[in-house]
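Shown next, in structure tokens, is the structure this report addresses.
Just so you know, all these numbers are worked out from the coordinates, no wet-lab data involved. From a predicted model like this one, the values you see are computed outputs, not experimental measurements. As a convention, Cβ positions derive from the backbone with ideal geometry for all residues, glycine included, and neighbour counts pool all protein chains shown.
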């Protein structure tokens with residue numbers, strides 16, 4: 001992934017995170033309460049997903065899923081999910097987003113965002 005593509009992905013997440021923050025604030029959700037946040041990634045190759053998962057684990061994440069998803073054209077993408085206790089504010093912060101997009105790109109993976117129960 002080129003630096004330009006990484007920048008575009010980060011900007012896309014920033015816009016989405018801003019919308020998520022606005023929506024959650026409107027619903028009265030406490031953004032600074034620590035909770036389990038799941039972060040989602042996609043890998044084209046199994047080993048890339050495994051290496052990403054290993055690095056996430058080394059950084060304190062609980063790797064929840066590494067599973068294949070077969071597309072209609074027969075190709076396979078690997079879903080990697082990892083959780084970490086943090087606040088929603090921390091999870092959607094620019095530095096977190098940039099770090100996860102760049103980490104994923106290091107392993108030829110894509111960071112697809114995060115989620116939590118509210």
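For this structure, a couple of remarks:
- Length released on extending from residue 8 to residue 32, taking residue separation times 0.36 nm less the Cα-Cα span: 5.9 nm
- Burial ranking of peptide ranges 58-68, 108-118 (average Cβ count within 10 Å, highest at the top): 108-118, 58-68
- The chain: angle of helix 46-58 to the longest principal axis, Cα-based, in degrees nearest 10: 40
- Inter-part distance where region 90-108 and region 68-83 are each reduced to a Cα centre, Å: 20
- Look at 107, 41 and count the other Cβ atoms within 10 Å of each Cβ; fewest to most, that gives 107, 41.
- Distance distribution note for the chain: the fraction of Cα pairs above 16 angstrom is 60%.
- Normalised contact order of region 3-115, rounded percent, pairs of Cα under 8 Å and 6 or more residues apart: 37
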